[in-house]
Amino acid sequence: MFADDRLSPSRRALGQVIEWLVWAAVVGHSDRITHVFLPLDDRGVDGIVRRVDDEAMCAVQVKGRTSLRDSELSINVRCAALEDTHVTFVFAALDPVSVTLRDTMYVMDAATVLSLGSVSDAPTGAVVAIRLPYPPHAGSRWAPYACSLSDLPARLVTSAGVSPPAPSQPPVAFPPITEPRIPPPPRERELLGHLAELEVMRLLGEPPTLNTFKSFPDLEEAEYLVRHRPSGTIRGVQVKCLVVPDATTRSAVAFHGPSFVASPLTDAVILCWRHDLGGFDDTAWIIPTIDLPQLASTDGYTILLRLSLSSTHSRFDAYRVKRTQIATLLAERAAAGQ
């Protein structure tokens, strides 16, 4: 039995703790490299679990309690939270004394919560009440959805346990860099890169149909995931910043070669910072990373993509967009499952 009454007021709000422990369990118990992306804005999904080698992903909502009622985990879910049928719910129990998760979890989709729970009215709107036996027993209708903490990754990603797909083609090959590269000073590069990320996140935050998630840890090509809420489809985003003194100067953006993976599900979004404007140019580029081997060059460690605002009739024309159109175009790609 958990003892909520033994907690100080400052420790009663443990929902965030439960979420972080769930993410730690997903990453720690997975037998393949798995990352968690957390939302920049709360739009009904607590996080996206992404397995790196096959890009399998799952949008997750975490619910938890620190106490039991009549040997049951009693949780109310707002009906509005179940309208997104592409979300998987994880129900967890926290021991507030040791601040650890109990071993048994329940994992189910929104349709299951709605069909097996009991709908009732509440002051804040309709809710679905679920009463999960704890510990679970075989005769319960909830038993098929119970799992141990160590089995959580397999429940979230249905293809867990399946061997990683064999490469369908050899690793992508880039032509060697032929021109010397003089990078901007590190402090400026880091600052402007950060501003570019903030600008892209601002743009992606405007459409209510999109929800943006940040990778933790930030160790792969997809720094962010953009989820199209109506369809549940997800695309990766890598933000880069081209730095130039004016619109006529050619410059380059760099990708980290050892961690680069060419994927049809990840886009490189490139903004251009102009010193003469003291801000971003209206032109940007959206390039699927699967196309980068045909566009960039490398010295083995750095992948270099050379761009110019003033270039016309070039191979980059197909990727050139208005900066203000970035969110609209990414939403269209996600909705189409591209």
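Answer yes or no as to whether V244 is closer than 24 Å to A262 by Cα, at pLDDT 70 or above, of a type in the set (A, V, I, L, M) and not assigned by TED's automatic domain parsing to the domain that holds V27.
So V244 fails the test.
Count, please, the residues in the stretch 211-238 that happen to be surrounded by fewer than 23 Cβ atoms within 10 Å (Cβ to Cβ) and among the hydrophobic types (A, V, I, L, M, F, W, C).
2
Give me a count of the residues in the stretch 75-121 that are touching a Phe, Trp or Tyr at 6+ places or on another chain (Cβ under 7 Å), more than 23 Å from N211 (Cα to Cα) and part of a strand (DSSP E or B).
6
Table: residues versus (1) more than 24 Å from L82 (Cβ to Cβ); (2) free of Cβ contacts under 8 Å to residues at least 40 places away in the same chain; (3) surrounded by fewer than 17 Cβ atoms within 10 Å (Cβ to Cβ).
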| site | (1), (2), (3) |
| --- | --- |
| Q16 | no, yes, yes |
| A24 | yes, yes, yes |
| H29 | yes, no, yes |
| H35 | yes, no, no |
| D41 | no, no, yes |
| D46 | no, yes, no |
| V49 | no, no, no |
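What's the total number of residues in the stretch 277-298 that are crowded, with 21+ Cβ neighbours inside 10 Å and under 14 Å from A196 (Cβ atoms)?
The number of residues fulfilling the criteria is 2.
How many residues does the stretch 113-126 hold that are touching a helix residue (DSSP H, G or I) at 6+ places or on another chain (Cβ under 7 Å) and of a type in the set (S, T, Y)?
0
Please work out if D84 is within 23 Å of the chain's Cα centre (by Cα) and of a type in the set (D, E, K, R).
So D84 fits the description; yes.
Residue-wise test of (1) closer than 21 Å to P175 by Cα; (2) touching a Phe, Trp or Tyr at 6+ places or on another chain (Cβ under 8 Å); (3) among the polar types (S, T, N, Q).
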site	(1), (2), (3)
T248	no, no, yes
A252	yes, no, no
L271	no, yes, no
L277	no, no, no
D282	no, no, no
I287	yes, yes, no
L295	yes, yes, no
Y301	yes, no, no
L307	yes, yes, no
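Kindly check whether there is at least one residue in the stretch 313-335 that is in a loop (DSSP other than H, G, I, E, B), surrounded by fewer than 16 Cβ atoms within 10 Å (Cβ to Cβ), of a type in the set (G, A, S) and on the phi > 0 side of the Ramachandran plot.
no
Which condition from (1) at pLDDT below 85; (2) in the same structural domain as C58 (by TED's automatic domain parsing) is the one that A166 breaks?
For A166, the exception is condition (2).
S311 fails exactly one of the following numbered conditions: (1) more than 26 Å from the chain's Cα centre (by Cα); (2) without any contact (Cβ under 8 Å) to a residue 60 or more places away in the chain. What is the number of that condition?
For S311, the exception is condition (2).
Restricting attention to the stretch 89-100, which residues are surrounded by fewer than 20 Cβ atoms within 10 Å (Cβ to Cβ) and either β-branched (V, I, T) or without any contact (Cβ under 8 Å) to a residue 40 or more places away in the chain (or both)?
V97, S98, V99, T100
The values are calculated or read from the model by the stated rules, or taken from the named source; none is laboratory data. Predicted model only: the values in this text are computed from it and were never measured. Here the Cβ is made from the backbone with ideal geometry for all residues, glycine too, and neighbour counts use every protein chain on show.
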